[in-house]
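Student: Here it is, the structure, as C-alpha cells.
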Amino acid sequence: MNSFYRRKKIIVFILSFFIFHEISGEVSVVQNENSETDIFSSIFDLPNELKAEKKVQIERGASKITVKSNVDNASVFLNGTFEGNTPLTLNNLPEGRYRLKVEKNGWKTANYIINIRSGEDRTFYVELKKYEGRVSFECEQENCLVFIDGSLIDSKTVMVEEGNHNIKIKKFGYEPEIFSIYVHRYSSQKIYASLKEADFDVTDFYSNRERYNPNLSGKAGKLEFNFSVTKNSPVTMYVIDSTGNVVFERILNNFTSWNQKITWNGENLNYQKVQNGIYKAKLIWEQGEKSIDFTVDDSITIPFASVTFAGSGIGSLPQAFSYPSDLSLFSVSAGAFFENSGSYFYGAPLRLSFVHSFSDFFEFSLRGGASPGLQGVCPFLSSAFKITFQKKIPAFNFNWGFFARCGYSADPQFFPYGCDFGNGVGGGGVVGFDFGKIYFGLSSEYVYGSTVFSSSQTDSLWKNGAALQLKKNNLALGIYGAINSSFGYTELKDDLRTGTDFFRSVEAGLDFVIKPSFSDVFFNLKAGGIFFEDKIYMNVEAAFSLLF
C-alpha cells in the first residue's frame, strides 16, 4: 500500500510539471531583485531568464542583440545553433524567446532564456565562472600562513579554480614549504604540512638613503635600516666611522616577524650629531655579519619650494633642486584670480599636489584640481618628472637638470591666450646657484598644445624665467618673473593671435615660505600677476604642505 501511494505522488508531481510547462509555453526561471531562484531551477537545472543590460529602440520591425562576456571568444549558441564568439552582434532575429548558451573550455557553461522584440537593440552580458575544487590545509604548527599563487588565504578550506596552482606555507622561525598542486573540478583534497625549524640568517640589508643629513627635521633627519631575519636570535647593530670607531650600537633580540626596520637619528653614543663622512652600518650575529656603507652630508637641504606644473620650484617656475630621497610632499592650495588689475573676479583655483623623490636627483609630481569662475569649473590634471644634479664649488653649489611635463585642462583660460596654465606636453631645463642664504635660478621650457589639443590648429609656448630666493632660518622670500612667447594660434572664436609673438605675456610675483624647525609642515603664500598687452590677471594663493 505504501508503495502504491509513493508511485501516486510521483505521478502527480510529473503531471504538475507538464501542466506548468503547457501554461508557460516554456519553463523559465526569473530572478527578481529580492527573490531566490525558483525551486524548479535547482531541481531540473533549468535556465534563468537573462535581463538585457542595455535596450535601445531602433527601426520598427528590425531587431538586434549583442552578447558580451567577461571572457573573450566564448562560444554563443541560440536554440542549440552556434552563432559565433563573444563579443557577438546578431541582426534581424525573429521576435520571440530564445535559449542562449555561452560556453568556453575550462569555464562553466551558462544557460539562459532571453526575450527578443522587434524594434529593439538589446545587449546581454554573461558572467562565466571557472570550474572549482575544494582544497583544505592543515599545518602541524599553529598559525601558519598559506599562500595560493602568491595570495594569502584567510580560511583553512577554500574553493580554488581548476588547474595548476603554486602553494607556499610559512611561519616565522620555520623553513617555508613550497610545492604545486592540480585542482580538478568538483574535487576535494586536503594538504598537510609539517615545517622544519629554520637556521638563523639575515638577508636584504639596506638603508633608505645613501646620503643623509642628520641635522634635518622630521623624517628627512632620520635614516632607516631594513633587513630580514628567519627567526628570533640576538643581533647587534653597529654604526662605524671611517676611522673604525663605533658611534652607535644597539642589541636586537626580540624578533617576531621576518621584516625589520631600525631608525637612527644620526646621534652618536654621546647623543651628539655625527660629523660628515663615510660610515658603515654592520649587523653581527653568532654565525656571520653583513654591512652597508652610507654618507653623512650636512649640505643636503630641504628646499623652500612651491609645486609648479613641472615639479618643485619658486612661484610658477621649476628650479634645479629637489627633495631628499625617499621623501614625499602633499600640498593643498587655494586662491583667486582677478581680471583687469582686480576689477573683476575671474576664477578660484583649488589644487591638490603630490611630489615624491625616488632619489636625491629624481623627482615625480602630480597636480589636480579645478578653477571655478567665469570660465566654468575648469578641471585640470598635470604631471611631471624632474632630474637634477649638483656640483659643489667652494663658494656655492651649482645645480642643473631637466624635466618633462604633460597636462590637460578642460577649458582654455586667460584670454587672449598665450600663457602657461598647465595644459599641453613639453619639457625644458633648469640651472641654479645656491649660496646658502641666497638662491638664483633660471628655467626654460617649451610646451606644445598650451591652449587646446582638440582643434586642427594647435599653438605652443616657450617660457623663460628667473627666480631669486632669500633664505634665513625657517623663512624664505622668492621673487620670480617669466616671459611667455606664443607660437601659432587655435580655432577658438575669440583667439585673435596671428602667429609668433615673442612677448605675448609676462608672469611675475612673490613666493613667501615658512617652515617651522620642529615639524615637516610648510606654509606658502603667493601673489603675482599675468600681464598681457591689453589685459592683466592678478592672483593670490595660500598653500599648506606636509612632508612625509
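Student: With respect to the numbered conditions (1) over 26 Å from the mean Cα position of the chain (by Cα); (2) open to solvent by 60 Å² or more (accessible area, probe 1.4 Å), which one is the sole condition not fulfilled by CYS419?
Tutor: Just one mismatch for CYS419, condition (2).
Student: Next question. Tell me the residue from GLY424, GLY432 that is modelled with pLDDT of 90 or more and at positive phi, please. Walk me through how you get there before you give the answer.
Tutor: Working: GLY432 fails: at positive phi.
Checking each option against the conditions leaves just GLY424.
Student: I'd like to verify a number: residues in region 472-512 that are under 19 Å from ASP534 (Cα atoms), open to solvent by 50 Å² or more (accessible area, probe 1.4 Å), in contact with a strand residue (DSSP E or B) (Cβ under 9 Å, 6 or more places away or on another chain) and assigned to a loop (DSSP other than H, G, I, E, B), how many?
Tutor: 1
Student: Only one of HIS165, HIS184 is within 30 Å of LYS104 (Cα to Cα) and open to solvent by 90 Å² or more (accessible area, probe 1.4 Å). Can you tell me which?
Tutor: Working: HIS165 fails: open to solvent by 90 Å² or more (accessible area, probe 1.4 Å).
Only one candidate qualifies: HIS184.
Student: Any residue at all in region 327-337 that is in a loop (DSSP other than H, G, I, E, B) and out of contact with any Leu (no Cβ under 7 Å at 6 or more places or on another chain)? Can you show your working first?
Tutor: Of the residues in region 327-337, the ones in a loop (DSSP other than H, G, I, E, B) are none.
No, that holds for no residue.
Student: Restricting to region 449-464, name every residue that is open to solvent by 40 Å² or more (accessible area, probe 1.4 Å), in a loop (DSSP other than H, G, I, E, B) and of a type in the set (S, T, N, Q). Even if it seems obvious, please write down each step before you answer.
Tutor: Within region 449-464, the first condition is being open to solvent by 40 Å² or more (accessible area, probe 1.4 Å), and the residues that meet it are 453-454, 456-457, 462, 464.
When the remaining residues are screened for being in a loop (DSSP other than H, G, I, E, B), the result is 453-454, 456-457.
Within region 449-464, SER454, SER456, GLN457 qualify.
Student: What is the one condition in (1) within 30 Å of LYS196 (Cβ to Cβ); (2) free of Cβ contacts under 8 Å to residues at least 60 places away in the same chain that ARG250 does not satisfy?
Tutor: (1)
Student: Right, next: Which one is farthest from the chain's Cα centre (by Cα), of the residues in region 339-375 that are open to solvent by less than 20 Å² (accessible area, probe 1.4 Å) and modelled with pLDDT of 90 or more? Walk me through how you get there before you give the answer.
Tutor: Within region 339-375, the first condition is being open to solvent by less than 20 Å² (accessible area, probe 1.4 Å), and the residues that meet it are 346-347, 349, 353, 355, 357, 363, 365, 367-368, 371.
Within this subset, residues satisfying the condition of being modelled with pLDDT of 90 or more are 349, 353, 355, 357, 363, 365, 367-368.
Values: PRO349: 24, SER353: 14, VAL355: 13, SER357: 16, GLU363: 16, SER365: 12, ARG367: 13, GLY368: 14 Å.
Across region 339-375, the extreme among qualifying residues is PRO349.
Student: Is there a residue being open to solvent by 30 Å² or more (accessible area, probe 1.4 Å), in contact (Cβ under 8 Å) with a residue 12 or more places away in the chain, under 12 Å from ALA310 (Cβ atoms) and out of contact with any helix residue (DSSP H, G or I) (no Cβ under 6 Å at 6 or more places or on another chain) anywhere in region 405-412? It would help to see each step written out before you state the result.
Tutor: Restricting attention to region 405-412, the residues satisfying the condition of being open to solvent by 30 Å² or more (accessible area, probe 1.4 Å) are 406, 408, 410-411.
So of that shortlist, the ones also in contact (Cβ under 8 Å) with a residue 12 or more places away in the chain come out as 406, 408, 410-411.
Next, only the ones that are under 12 Å from ALA310 (Cβ atoms) stay: 406.
Among the residues that remain, those that are also out of contact with any helix residue (DSSP H, G or I) (no Cβ under 6 Å at 6 or more places or on another chain) are: 406.
Yes, region 405-412 has at least one match.
Student: Mind checking which residues of region 293-308 are closer than 17 Å to GLU267 by Cβ and among the aromatic types (Phe, Trp, Tyr)?
Tutor: PHE294
Conditions (1) of a type in the set (Phe, Trp, Tyr); (2) crowded, with 19+ Cβ neighbours inside 10 Å, marked per residue:
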{"residue": "LYS261", "(1), (2)": "no, no"}
{"residue": "ASN268", "(1), (2)": "no, no"}
{"residue": "TYR271", "(1), (2)": "yes, no"}
{"residue": "TYR279", "(1), (2)": "yes, yes"}
{"residue": "TRP285", "(1), (2)": "yes, no"}
{"residue": "ILE300", "(1), (2)": "no, yes"}
{"residue": "PHE304", "(1), (2)": "yes, yes"}
{"residue": "PHE321", "(1), (2)": "yes, yes"}
{"residue": "SER331", "(1), (2)": "no, yes"}
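Student: Okay, moving on. Only one of (1) closer than 15 Å to GLU132 by Cβ; (2) in contact with a strand residue (DSSP E or B) (Cβ under 7 Å, 6 or more places away or on another chain) fails for SER155. Which number is that?
Tutor: For SER155, the exception is condition (2).
Student: Here's something else I'd like to know. Under the condition of being open to solvent by less than 100 Å² (accessible area, probe 1.4 Å) and of a type outside the set (Gly, Ala, Ser), which residue from region 187-199 is nearest to VAL160 (Cα to Cα)?
Tutor: Taking region 187-199 and keeping what is open to solvent by less than 100 Å² (accessible area, probe 1.4 Å), we get 187-189, 191, 193-195, 198.
Right, trim to of a type outside the set (Gly, Ala, Ser) and you get 189, 191, 195.
Details: GLN189: 11, ILE191: 13, LEU195: 23 Å.
The residue in question is GLN189.
Student: Now for a different question. Determine which member of the set PHE40, PHE82, PHE77 is of a type in the set (Phe, Trp, Tyr) and modelled with pLDDT under 75. Before you say what the answer is, go through the steps one by one.
Tutor: On the way: PHE82 fails: modelled with pLDDT under 75; PHE77 fails: modelled with pLDDT under 75.
The unique qualifying residue is PHE40.
Student: Could I ask something else about it? Which numbered condition trips up TYR206, out of (1) farther than 23 Å from LEU145 by Cα; (2) of a type in the set (Ser, Thr, Tyr); (3) in contact with a Ser or Thr (Cβ under 7 Å, 6 or more places away or on another chain)?
Tutor: (3)
Student: Across region 200-216, what is the number of residues that are closer than 13 Å to SER359 by Cβ and touching a Gly at 6+ places or on another chain (Cβ under 8 Å)?
Tutor: The total comes to 1.
Student: Another one. Test ALA467 against the stated conditions and say whether it is hydrophobic (A, V, I, L, M, F, W, C) and surrounded by 20 or more Cβ atoms within 10 Å (Cβ to Cβ).
Tutor: Values: hydrophobic (A, V, I, L, M, F, W, C): yes; surrounded by 20 or more Cβ atoms within 10 Å (Cβ to Cβ): yes.
The answer is yes for ALA467.
Student: Exactly one condition in (1) over 29 Å from ASP520 (Cα atoms); (2) surrounded by fewer than 17 Cβ atoms within 10 Å (Cβ to Cβ) is not met by ARG211; state its number.
Tutor: Just one mismatch for ARG211, condition (1).
Student: Consider region 120-142. How many of its residues are assigned to a loop (DSSP other than H, G, I, E, B) and either touching a Cys at 6+ places or on another chain (Cβ under 6 Å) or under 21 Å from PHE172 (Cα atoms) (or both)?
Tutor: The first filter runs over region 120-142 and keeps only residues assigned to a loop (DSSP other than H, G, I, E, B), leaving 127-129, 131, 140-142.
Checking the rest, the ones that are also either touching a Cys at 6+ places or on another chain (Cβ under 6 Å) or under 21 Å from PHE172 (Cα atoms) (or both) come to 140-142.
So the count comes out to 3.
Student: Report the residue count in region 231-259 for those that are assigned to a loop (DSSP other than H, G, I, E, B) and open to solvent by 40 Å² or more (accessible area, probe 1.4 Å). Can you show your working first?
Tutor: Restricting attention to region 231-259, the residues satisfying the condition of being assigned to a loop (DSSP other than H, G, I, E, B) are 231-234, 241-245, 253-258.
Those left that are additionally open to solvent by 40 Å² or more (accessible area, probe 1.4 Å): 231-232, 234, 242-245, 253-254, 256-258.
Number of matching residues: 12.
The values are calculated or read from the model by the stated rules, or taken from the named source; none is laboratory data. In this text the structure is predicted, and so the values were computed from the model without any measurement. Note that each Cβ is placed from the backbone with ideal geometry, even for glycine, and that neighbours are counted across all protein chains shown. Side chains are part of the model used for accessible areas, which takes the heavy atoms of the whole protein and leaves out ligands, DNA and RNA. Shrake-Rupley method; radii C 1.70, N 1.55, O 1.52, S 1.80 Å.
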